[in-house]
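I have placed the structure first, in the form of C-alpha cells, so that the comments after it can refer back to it.
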Amino acid sequence: MIVVMRPDATKQEVQHVVKLIRDLELTEHIIEGSDLTVVAVIGDDRKKDGSVLEQAPGVDRVMKVLAPYKMAAKETRGGEKTQVDIGAGCVFGGKHVPVIAGPCSVEDEEKIMVAARAVKAAGAHALRGGAFKPRTNPYAFQGHGEDGLKMLAAARAETGLPIVTEVLTPSEVDMVSEYADCLQIGTRNSQNYKLLEACGKQPKPVLYKRGMAMTLDEWLQAAEYILAAGNPNVILCERGIRTFEDHTRNTLSLSVVPELQFRTHLPIVIDPSHGTGHARLVPAMAKAAIAAGCDGLAIEMHQDPEHALTDGAQSITPAVLTELMSSLQRVAAAVDKECSPCAAEAATR
Ligand code: PEP
Ligand code: MN
C-alpha cells in the first residue's frame with residue numbers, strides 16, 4: 001500500500017499515519033516529493049485493512065501497489081521521477097542526460113589522471129574506474145583496492161568530476177563510500193543481497209547494474225533491497241544480458257528503457273561498453289540509448305585501449321568520446337532532453 005497525503009497535509013498528520021502503519025505491525029518509508037508526501041507501507045500488507053489509513057486526517061488516498069517492488073514502483077512517487085544527484089551538478093533522472101566515462105580499471109596514478117582530464121575535456125560529467133575488479137579469472141588483475149580509490153580521489157580533486165567506482169563486498173562498503181561519489185554494484189553481484197543492503201545503509205548514491213541473467217522483474221525486486229534499507233538514491237544500469245548471440249559480448253537490451261520508465265521512478269543508465277564488448281559499436285548504441293529515453297550513459301574510455309589492463313576491446317578513445325559527446329547533444333535535443341558538456345568544461349570553452 002501507499003498512502004498519498006494531501007498537498008496541504010501537516011507534519012503531524014504524516015506522523016499520525018506513520019503511527020497507524022506501525023499499529024498494523026508494518027513499517028513506513030516517507031517519500032517527500034516536490035508537490036506532495038507519500039508514505040510507502042513496507043512489509044506484507046496483503047491481509048491488512050487499509051481503511052483506517054484512508055480515514056486519517058490529511059490523507060488523500062490509499063493505493064494498493066500490486067508490484068512486489070513497492071518502493072521502486074512508479075505509483076509510489078505518483079508518477080514523479082526520482083532525481084539522483086551524485087555531485088558537481090551531475091543529476092540523473094531529469095531533463096539532462098549525464099555521461100559517466102573512464103577506464104574499466106584504475107591502472108595507476110598517472111593513467112587515471114590522464115583519463116580524467118580527457119573525460120572532462122570531452123565534456124562528460126563523471127569519472128568511472130574500478131579499484132576493486134570482479135574478475136572471471138583469479139590470476140587476472142584484481143585492481144589496486146584502496147590505493148586505487150586514492151588515485152580516483154586525486155583525479156576528482158584536480159578535475160572536479162564526481163567519481164563512480166565499484167564495491168565488491170559488504171565489508172568494503174564503508175571504505176568505498178568514503179572515497180566515491182557513487183557506488184557501483186556490478187552485474188556479478190547483482191543478487192548479492194547482503195551487499196545490496198549494505199549499500200542501502202550508506203549515504204552515497206548507487207549505480208546498480210542488472211545481473212547478466214536477471215529478468216527485469218528480479219532486477220527491480222533486488223533494487224528494492226537498497227531502497228528498503230534506507231537509500232532512495234538508486235540508479236539502474238542496463239549493461240547487457242547473456243543470450244545465444246555471440247557477435248557481441250552481451251546483448252544490450254534497450255527495450256528495458258521504455259519498460260522501466262513505465263514501471264519505476266528510478267533513473268535508468270545504459271552501459272553500451274559492456275553491453276556490446278566492441279568499441280566500434282559503442283557510439284551507435286549510446287545514441288540509440290538516448291533516443292530510447294535513458295537518463296544517463298556509462299561508457300568505458302581509455303587513452304590507449306590496446307594496452308588497457310581490462311576491457312580494452314570495448315573502450316573508446318578520448319577522440320571518439322569527444323566526437324560522440326557532440327552527437328549525443330543533438331540526439332538528446334531530438335527527444336526533448338539535454339546532453340550539454342559538463343559545467344566546468346563549458347565554462348572553459
Ligand atoms: C565494469 O563496469 O567495469 C564492470 C565490471 O561492469 P559489469 O559489472 O557490468 O560487468
Ligand atoms: Mn569493464
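If Asp336 meets every condition in (1) within 15 Å of ligand 2 (Cβ to nearest atom); (2) closer than 30 Å to Glu32 by Cα apart from one, which number is that one?
(1) is the only condition that Asp336 fails.
Quick check on Thr322: is it assigned to a helix (DSSP H, G or I) and open to solvent by 20 Å² or more (accessible area, probe 1.4 Å)?
Values: assigned to a helix (DSSP H, G or I): yes; open to solvent by 20 Å² or more (accessible area, probe 1.4 Å): yes.
Criteria met by Thr322.
Please give the number of the condition Tyr139 fails out of (1) away from ligand 2 (no atom under 16 Å from the Cβ); (2) open to solvent by less than 60 Å² (accessible area, probe 1.4 Å).
Failing condition for Tyr139: (2).
Where residues in the stretch 306-319 are more than 12 Å from ligand 2 (Cβ to nearest atom) and within 22 Å of Gln184 (Cβ to Cβ), which of them is least open to solvent (accessible area, probe 1.4 Å)? Walk me through how you get there before you give the answer.
The initial filter retains those residues of the stretch 306-319 that are more than 12 Å from ligand 2 (Cβ to nearest atom), namely 306-307, 316-319.
Within this subset, residues satisfying the condition of being within 22 Å of Gln184 (Cβ to Cβ) are 316, 318.
Details: Ile316: 5, Pro318: 29 Å².
Looking at residues that are more than 12 Å from ligand 2 (Cβ to nearest atom) and within 22 Å of Gln184 (Cβ to Cβ), I get Ile316.
Only one of these conditions is not met by Ala288: (1) small (Gly, Ala, Ser); (2) more than 22 Å from Val173 (Cα to Cα); (3) open to solvent by less than 20 Å² (accessible area, probe 1.4 Å). Which number is it?
(3)
Could you run through the stretch 24-48 and say how many residues are without any contact (Cβ under 8 Å) to a residue 24 or more places away in the chain and out of contact with any Asp or Glu (no Cβ under 7 Å at 6 or more places or on another chain)? Full working, then the answer.
Applying the first criterion (without any contact (Cβ under 8 Å) to a residue 24 or more places away in the chain) to the stretch 24-48 yields 25-28, 30, 32, 43-44, 46-47.
Restricting the remaining residues to those that are out of contact with any Asp or Glu (no Cβ under 7 Å at 6 or more places or on another chain) gives 25, 27-28, 30, 32, 43-44, 46-47.
Matching residues across the stretch 24-48 total 9.
Are there any strands (runs of 3 or more DSSP E) wholly within the stretch 1-111 with 1 or more residues that are surrounded by fewer than 19 Cβ atoms within 10 Å (Cβ to Cβ), and if so which?
Correct list: 27-32, 37-42, 59-63.
Search the stretch 166-183 for residues being surrounded by fewer than 21 Cβ atoms within 10 Å (Cβ to Cβ) and of a type in the set (Gly, Ala, Ser), and hand back the single one that is nearest to Val91 (Cα to Cα).
Applying the filter and picking the extreme gives Ser177.
When the stretch 298-314 is examined, which residues are found to be more than 10 Å from ligand 1 (Cβ to nearest atom) and in contact with a His (Cβ under 9 Å, 6 or more places away or on another chain)?
Within the stretch 298-314, Ala308, Gly312, Ala313 qualify.
Can you tell me which residue within the stretch 184-225, out of those that are within 16 Å of ligand 2 (Cβ to nearest atom), not in a loop (DSSP other than H, G, I, E, B) and not hydroxyl-bearing (Ser, Thr, Tyr), is surrounded by the fewest Cβ atoms within 10 Å (Cβ to Cβ)?
For the stretch 184-225, the residue satisfying everything is Arg188.
Do any helices (runs of 4 or more DSSP H) entirely within the stretch 244-304 hold 3 or more residues that are touching a Pro at 6+ places or on another chain (Cβ under 7 Å) and in contact (Cβ under 8 Å) with a residue 24 or more places away in the chain, and if so, which?
Filter on the stretch 244-304 gives 282-292.
Taking the criterion of being under 14 Å from the mean Cα position of the chain (by Cα) and open to solvent by less than 10 Å² (accessible area, probe 1.4 Å), would at least one residue in the stretch 242-252 satisfy it?
First, the residues of the stretch 242-252 that are under 14 Å from the mean Cα position of the chain (by Cα): none.
The answer is no; no qualifying residue exists.
The values are calculated or read from the model by the stated rules, or taken from the named source; none is laboratory data. Since this is a predicted model, take the numbers as computed values, not measurements. Ideal geometry is used to build each Cβ from the backbone, glycine not excepted, and the neighbour counts take in all protein chains shown. For the accessible areas, the whole protein counts, side chains as well, though only heavy atoms, and no ligand, DNA or RNA atoms are used. Shrake-Rupley method; radii C 1.70, N 1.55, O 1.52, S 1.80 Å.
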